[in-house]
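**Student:** Okay, here's the structure, questions in a sec.
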Amino acid sequence: MIMLRLRLSIPLPLRLLALLAGCAAQAQAAELSARDEKALAALGGYYQGAFDTALSPSPLDDLNINPCRDCDTHGDPLKDIYLRVATVDHTLQLTFHRSPGAPAFDLLGKYCRSSVGELKALQTDDGKGKDSGDDYRVTTATFAFDPGRCPRNIAENKAPELTLSLLENRSQGMHFARVEIDKDLRRVTTLTAENRDGERVAVKSNPADYGKDRRATRSYLYEDEMGEGSYIRNNTTETRTFAIPVALNGYVGANLTWWPHKILDVEADTEEVLTRHTGVFLPVEARQ
């Protein structure tokens, strides 16, 4: 009777929230089809590798928190770590370990409480190598990713995602894993201009013009076809003319035509560019 009274005393909004929470829990544990589970189970196990940002010159690129803020080297680089791919209760699970069989650790740091979230998409693509003719299969699983307490070096202006790609050379019986985690999403502007030959090329502002009034004539730099040199051209307008001789009543005149022509015609193209932390992992059995 006490349990019954407690259930009846729950306000309707709270009961709805509890129901939604239950749905969310089920979404995180989305079940694999029997076919997908069988294919993924064959690729399960431990993989060893490293993230590219752990091997860069700057420790500021690290995916995880550097325990030494003033150090100019990677304090705890994510290299020689292990990725475990497993199917558990008809779901796909990813964990990271310092050694096979060791407890899973947090990629972002000891107290960050980051986690790999629900499986959002699973896709398999088959194809043949252009030169080798080998049969390839790429299985891509996209997960939500929760940075927990440590959003540093994780995309903050979009819902971050983690992508696992299992790449198989089925002809050679080889495979490896790639893990990508959203790092930064930003808008990038590229300047292009039309040169005298009517070709549109990438240009950049001449540093010598920085600080000039906007109404002042600007110049831009672009590389030649070999990429060996750069030339300065002005974003100005020139007048082009041509004349055609005309005979009229015994006199010779000219039909003069002119029109303005913009030398560079600079345009700005803006696009969103997503950068990612990328880790490549080889099966442990292949390293022994």
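The values are calculated or read from the model by the stated rules, or taken from the named source; none is laboratory data. Since the model is a prediction, treat every value here as computed from it, not as a measurement. Positions of Cβ are generated from backbone atoms using ideal geometry, with glycine treated the same way; all protein chains shown enter the neighbour counts. Only protein heavy atoms, including side chains, enter the accessible area calculation; ligands, DNA and RNA are left aside. Shrake-Rupley method; radii C 1.70, N 1.55, O 1.52, S 1.80 Å.
**Student:** Take Tyr136 and decide whether it is closer than 18 Å to Thr163 by Cβ, open to solvent by 20 Å² or more (accessible area, probe 1.4 Å) and among the aromatic types (Phe, Trp, Tyr).
**Tutor:** Values: closer than 18 Å to Thr163 by Cβ: yes; open to solvent by 20 Å² or more (accessible area, probe 1.4 Å): yes; among the aromatic types (Phe, Trp, Tyr): yes.
Against the criterion (closer than 18 Å to Thr163 by Cβ, open to solvent by 20 Å² or more (accessible area, probe 1.4 Å) and among the aromatic types (Phe, Trp, Tyr)), Tyr136 qualifies.
**Student:** Let me ask you something else. When the residues of the stretch 107-123 are narrowed to those that are in contact with a strand residue (DSSP E or B) (Cβ under 9 Å, 6 or more places away or on another chain) and without any contact (Cβ under 8 Å) to a residue 40 or more places away in the chain, which ends up most open to solvent (accessible area, probe 1.4 Å)? Write out each step before concluding.
**Tutor:** So the first thing to find is which residues in the stretch 107-123 are in contact with a strand residue (DSSP E or B) (Cβ under 9 Å, 6 or more places away or on another chain), and the list is 107, 113-123.
Those left that are additionally without any contact (Cβ under 8 Å) to a residue 40 or more places away in the chain: 113-115, 121, 123.
Details: Arg113: 165, Ser114: 26, Ser115: 52, Ala121: 50, Gln123: 104 Å².
Among those residues, the one meeting the criterion is Arg113.
**Student:** Looking for whichever is surrounded by 10 or more Cβ atoms within 10 Å (Cβ to Cβ), at pLDDT 75 or above and either of a type outside the set (Asp, Glu) or touching a His at 6+ places or on another chain (Cβ under 9 Å) (or both) here; the options are Val201, Val188. Which one fits?
**Tutor:** Result: Val201 is the single residue among Val201, Val188 that is surrounded by 10 or more Cβ atoms within 10 Å (Cβ to Cβ), at pLDDT 75 or above and either of a type outside the set (Asp, Glu) or touching a His at 6+ places or on another chain (Cβ under 9 Å) (or both).
**Student:** Is there any pair with a first residue in the stretch 84-97 that is over 17 Å from Ala34 (Cβ atoms) and surrounded by 15 or more Cβ atoms within 10 Å (Cβ to Cβ) and a second that is among the hydroxyl-bearing types (Ser, Thr, Tyr) and modelled with pLDDT of 95 or more whose Cβ atoms are under 8 Å apart and which are 6 or more apart or on different chains, and what are they?
**Tutor:** Matching pairs, first to second residue: Arg84/Tyr46; Arg84/Tyr47; Arg84/Thr95; Val85/Tyr47; Phe96/Tyr82; His97/Tyr46; His97/Tyr82.
**Student:** Here is a further query. What residue, among those in the stretch 61-83 that are assigned to a strand (DSSP E or B) and open to solvent by 50 Å² or more (accessible area, probe 1.4 Å), is nearest to Val284 (Cα to Cα)? It would help to see each step written out before you state the result.
**Tutor:** Taking the stretch 61-83 first, the residues assigned to a strand (DSSP E or B) are 79-83.
From what's left, open to solvent by 50 Å² or more (accessible area, probe 1.4 Å): 79-80.
On the way: Lys79: 14, Asp80: 11 Å.
For the stretch 61-83, the residue satisfying everything is Asp80.
**Student:** Which of the numbered conditions does Gly173 fail, given that it passes all the others? Conditions: (1) more than 30 Å from Leu63 (Cβ to Cβ); (2) surrounded by 13 or more Cβ atoms within 10 Å (Cβ to Cβ).
**Tutor:** (2)
**Student:** A further question on this structure: Only one of (1) more than 30 Å from Ser219 (Cβ to Cβ); (2) open to solvent by less than 30 Å² (accessible area, probe 1.4 Å) fails for Asp126. Which number is that?
**Tutor:** For Asp126, the failing item is (2).
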